[in-house]
Structure formats: structure tokens, C-alpha cells
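Report on the structure given below.
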Amino acid sequence: MASNLCRKGFRLIVNDINLDAVAELESLQASSAPSVAEVAARSDVIVTMLPNSAIVADVVSRIDGVIANAKRGSLIMDMSTVDPGTTDRLARAAAAKGIGFVDAPVGRLASHADRGESLFMVGGSVADFERVKPLLEAMGSTIYHCGDVGSGTKTKLVNNFLAVSSCQMNAEALALSQRFGLDLERTLDVLYGTTAVNGQLKINWPSKVLIDDIEPGFTIDLAHKDLTLIVEAANAVRVPMPMAAAAREAFSTARARGFGGKDFSAMVDVLCDLAEIQKPRLKK
């Protein structure tokens, strides 16, 4: 995502614990900074893209972090997938220092991000949304302004509940079809022609697990993290989500069996291993 910004003419100041990533961006004319504090002090818009809620909260709110060192009138855009409470707390803390805040979590896969075809769900004021829109257009092809601060994060959790849970349903359906001895191609033809079909089964799986590619576009570990966020956020607002809880435990099983770093379409391989069924693969 940062490399797409560089290629499209934006001047970046970057910091990452992965020095290889920093070097790659420097080769695209980005400047590096030795600390988060310096990035914040030198930037008008500070973009964070981090693994989880705790790390986002630490980087943004610690004494040598973003809010403490950003200029009044600057803007923070957090593109991580975090719990809504974290977004709300950081947005309030930023506002108290005269700093804008936008949450813009990312949809689609890493391959889409490489091509500048990500989808963004954005929460923030109209003015702040317009301010970051050129950056989003440089990184993606589909942008939704979902409402005020926090609405992007909440929309992402709703979306990911369906996307991740459908992988578990697909896994169970195809494992059952394998046990029945059904022809995979014919079974998929039927499923694609009914309301049973979903985007994971029709779009993602034929380019991943069904052609024996389980290297991650989106890992089982990250899917498990998102399901945990979903269940906890739902509990906080008293919405029962038994299907999300069941899917999270299925992903826990996959992680326990060593599949955490594999693509989340590999849930079908986990289930087939457990049931000692041949894994479903399309004919070459």
C-alpha cells in the first residue's frame, strides 16, 4: 500500500520494525525516520497499519507515539482492524489535542493491495474523509464512507464475520461432498447456480486451496483474530453471535494443528485431515 503511494507521487516518511520493508520504500524515494515520534512530527497525515488493537493503542497513545508528537491540525488514519473501543478511545484522545482521526480498515487480499485494488471502509467526518480520499484512491479501487469515526471499523467487523465464517461453512460442505464421493467440479457447478454460493467459494477458493495453494492471502491466524474481535465487540453491545463463536473455535482447532500461517481457505484441509478424507482439488 505504501509503495503504491510512492509510485503515485506522494511524499512518504516511513518507519517499521521490518527494516527490509523500509529499505524497499526508500528505493521508491520514501524517506525513513528512526522513530514513530519523528514520523508524527514531520507529517500532515499519519497512517498506521498494524497487527492488533494493543499495538495500535501503544503506537498512537504512548509518550513517544503519534498523538504526543503530531502537529495540531494533522490527521491520523488508522487502517488496522481493531476493536471499536480502541478506535473510539484514540479518536477522542486525538480530538483533545486538535488532531483529526479517520478509521479506514482494508478489505480484499494482499494481492489486491499489491495491485492498488484494495477496498476501504472509512469512518470520519466529511472533511476528514475528503482529506484522505486522494491517498485511498492511490491505494485502492473501491472506497466507502461509512459514517462518523468508528463506523469503518464496525463495518469491517460485520463484513469479516460473513467472509471468515463462510470459509468454515465451505470447508464443512466440501468435506461432506468428498466423503460422499461426489465429483468436485460437478458439485461446484451446482453450488454456483444456487443461493448457496458465496464469494469465498466462487472467487477466492478456486484460486487458492482448490488448486493446492494454501500460502496466505489472508492467514488463519488473522481470521481467528478478527473472529475474536467480532465476538468480543458483539458481547459488549449484547448481541448474541453463536455462529461466530463456533467459527472461532474451528479456527482455534486449525491453529492448534499448525495451520495458523496458511490461507484461511485451508480450513477445508484441516477438516479433511481430521476426518481422514482426501482433500478437494480441481483437476489440472
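Points worth noting:
- Placed amide H near GLY147: partners under 5 Å, 5+ positions off or other chain: GLY124
- Positive-end ranking of PHE259, PRO240, ALA275 along the dipole of the chain, with charges on Cβ about the Cα centre, is headed by PRO240.
- Between the beta carbons of LEU176 and GLU215, assuming R0 = 30 Å, the FRET efficiency works out to 0.70 to the nearest 0.05.
- Alpha-carbon Rg/Rh ratio, for the range 154-275, with Rh computed the Kirkwood way: 0.97
- Distance violations [Cα-Cα > 18 Å] among LYS208/LYS279; LYS225/LYS262; LYS156/LYS225; LYS156/LYS202; LYS202/LYS225: LYS156/LYS202; LYS202/LYS225
- Dipole moment magnitude, nearest 20 debye, the range 154-275 about Cα centre, only Lys, Arg, Asp, Glu C-beta charged: 500 debye
- Chain lengthening between ALA256 and SER207 when straightened (0.36 nm per residue, less Cα-Cα): 15.1 nm
- Choice from SER118, SER166, SER177 showing the highest fluctuation, given a GNM over the chain with Cα pairs closer than 10 Å: SER177
- The range 28-33 - phi-based ³J(HN,Hα) in whole Hz, Karplus 6.51/-1.76/1.60, Gly and Pro as x: 9, 6, 6, 9, 9, 10
- Using the Karplus relation 6.51 cos²θ - 1.76 cosθ + 1.60 with θ = phi - 60°, the per-residue 3J(HN,Hα) values for the range 13-25 come to 10, 10, 8, 7, 5, 8, 5, 5, 5, 4, 4, 4, 6 Hz, with x marking Gly and Pro.
- Residues whose amide H lies under 5 Å from that of VAL14, counting only those 5 or more places away or on a different chain, are SER31, SER32, ALA33; hydrogens are built 1.01 Å from N in the peptide plane.
- Helix 151-180 axis, angle to the chain major axis (alpha carbon atoms, nearest 10°): 20 degrees
- From the coordinates of this entry, Cα Rg over 2.2 N^0.38 Å is computed, and it appears in [x] 1.14; [y] 1.09; [z] 0.94 under the label [y].
- Under a 5 Å amide H cut-off, with hydrogens placed 1.01 Å from N, SER74 pairs with GLY100 among residues at least 5 apart or on other chains.
- When exposed loop sites are taken as GluC sites (Glu not before Pro) in a DSSP loop with at most 16 other Cβ atoms within 10 Å, the longest stretch of the chain clear of them is 118-275.
- Simple point charges give the picture: +1 on the Cβ of Lys and Arg, -1 on the Cβ of Asp and Glu, and for the range 212-284 a dipole about the Cα centre of about 120 debye.
- Dipole magnitude for the range 2-149: about 380 debye, using +1 per Lys or Arg Cβ and -1 per Asp or Glu Cβ, origin at the Cα centre.
Laboratory data are not the source of any read-out in this text; all were calculated from the coordinates shown. What you see is a predicted model; the values in this text were computed from it and never measured. Note that we place each Cβ from the backbone using ideal geometry, even for glycine, and neighbour counts take in every protein chain shown.
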